[in-house]
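Report on one structure; see the data block that follows.
The values are calculated or read from the model by the stated rules, or taken from the named source; none is laboratory data. Everything numeric here is computed off the predicted structure, so don't read it as measured data. For neighbour counting, all protein chains shown are included, and Cβ atoms are generated from backbone atoms with ideal geometry for every residue, glycine included.
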Amino acid sequence: MTYVEPGIFLRFEPKAEPLPLFVDVSKSGLEYPKEFRSPVAFTAVHDNVSMHVEDLFADAPRYGATLLRCVFAAFFIDINRHELDLDPAAIDGEWPVPLQPHVRTLKGLGLIKTKSRYGEALQERKLTVAEVEERLANYYRPYHAEMKRIVDELHARFGVLRQISGHCMSAVGAPTHIDAGKPRADFCISDLGGVTSSREFVDLLAETLRGYGYSIAINDPYFGNELIRRYGDPARGIDSIHFEVNKQLYMDVKTFRKTAGFAQIRSDINRLLQVVADDTRKRIRK
């Protein structure tokens, strides 16, 4: 069954025996609200979307997972950033409480992005405090409220939970990234350096993918952010993983179109989901 919150999310319920398995695809949204404006070419804006990741994980409900898809674009407001991870220079006015911008945010990659991954200015003007608050109230908070509801419900039912937050990454670090100019692995698995997941779950994902012939990086170049920070709590049996796929494996990065490699990547992600589902089933039966 599919549930729709127009402009915010699509939720797909399990099609098999429900498991404490939650997959979120939160940065593949393609809807740009009418308030969005940018002086740069649409391709520069669109390049930040985790293109086709929603299709790579589309079969997750077949393995007992609950799948949540964000439908609005992350450039409008980035749900993988804390509410206070905002550059004061990006807003017109004074925020009512002290902001907590990360160093990356001061380079343009915060809650409201001011630069593309290649350093181009994205905003026509500064946003007012009221405009940012409206985006938080109408988009950011409703989406995170749904994520929390799913996590809380599954954890209450099963006592454990595994979350995979699906994303894609460029093959080489862009100029605004910490690994600028460096080639990347096929997959990057992150848990904020051991904070949001048990090592057991990290190893299960990494070793399974290595067995399929892929190169794997752990917390490099991505550590994970708000989408797993809010929910991961291994001490309570909640394992949350930030999961990046190298887009070069399945997509033409100039046209954004799927390549012949897409079918293989989707097949291998399905194989991985089956492994995770089987292992999770054993975990809840112990």
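Remarks
- ILE228 vs. criteria at pLDDT 95 or above, in contact with a strand residue (DSSP E or B) (Cβ under 7 Å, 6 or more places away or on another chain), within 23 Å of ILE178 (Cα to Cα) and not in a helix (DSSP H, G or I): no
- PHE42 fulfils the conditions (1) more than 28 Å from THR259 (Cβ to Cβ); (2) without any contact (Cβ under 8 Å) to a residue 40 or more places away in the chain except for a single criterion, (1).
- Criterion (at pLDDT below 90, in contact with a helix residue (DSSP H, G or I) (Cβ under 6 Å, 6 or more places away or on another chain) and on the phi < 0 side of the Ramachandran plot) met by exactly one of SER26, SER38: SER38
- Scanning the range 163-204 for residues that are touching a His at 6+ places or on another chain (Cβ under 9 Å) and among the acidic types (Asp, Glu) yields a single hit, ASP191.
- Sole exception among (1) within 21 Å of MET251 (Cβ to Cβ); (2) of a type in the set (Asp, Glu); (3) assigned to a loop (DSSP other than H, G, I, E, B) for GLU124, by number: (1)
- ALA235 meets all of the listed conditions (1) free of Cβ contacts under 8 Å to residues at least 24 places away in the same chain; (2) outside any loop (DSSP other than H, G, I, E, B); (3) over 30 Å from ALA145 (Cα atoms) but one, namely (3).
- Subset of the range 13-50 (residues that are crowded, with 21+ Cβ neighbours inside 10 Å and in contact with a strand residue (DSSP E or B) (Cβ under 8 Å, 6 or more places away or on another chain)): PRO20, LEU21, PHE22, VAL23, ASP24, VAL25, SER26, LYS27, SER28, GLY29, SER50
- Verdict on LEU84 being closer than 20 Å to GLY232 by Cβ, in a loop (DSSP other than H, G, I, E, B) and at pLDDT 95 or above: yes
- Applying the criterion of being assigned to a loop (DSSP other than H, G, I, E, B) and more than 30 Å from MET1 (Cβ to Cβ) to the residues of the range 41-81, the residue that is modelled with the highest pLDDT is ARG81.
- The residues of the range 100-129 that are at pLDDT 95 or above and either of a type in the set (Asp, Glu) or touching a Ser or Thr at 6+ places or on another chain (Cβ under 9 Å) (or both) amount to a single one, LEU111.
- Matching residues, the range 258-286, being aliphatic (A, V, I, L, M) and crowded, with 16+ Cβ neighbours inside 10 Å: ILE265, ILE269, LEU272, LEU273, VAL275, VAL276, ALA277
- Some residue of the range 196-204 being modelled with pLDDT of 95 or more, under 21 Å from SER170 (Cβ atoms), in a helix (DSSP H, G or I) and of a type in the set (Val, Ile, Thr): no
- Residue check, SER215 polar (S, T, N, Q), on the phi < 0 side of the Ramachandran plot, at pLDDT below 95 and out of contact with any strand residue (DSSP E or B) (no Cβ under 6 Å at 6 or more places or on another chain): no
Matching residues to (1) touching a helix residue (DSSP H, G or I) at 6+ places or on another chain (Cβ under 7 Å); (2) polar (S, T, N, Q):
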residue	(1), (2)
SER215	no, yes
ARG229	no, no
GLY232	no, no
ILE241	yes, no
VAL245	yes, no
ASP252	no, no
ASP268	no, no
LEU273	yes, no
THR280	no, yes
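- The one condition in (1) under 17 Å from the mean Cα position of the chain (by Cα); (2) of a type in the set (Lys, Arg); (3) within 19 Å of PHE22 (Cβ to Cβ) that LYS282 fails to fulfil: (1)
- Just one of the listed residues (THR196, THR176) is surrounded by 13 or more Cβ atoms within 10 Å (Cβ to Cβ) and over 23 Å from LYS282 (Cβ atoms), namely THR176.
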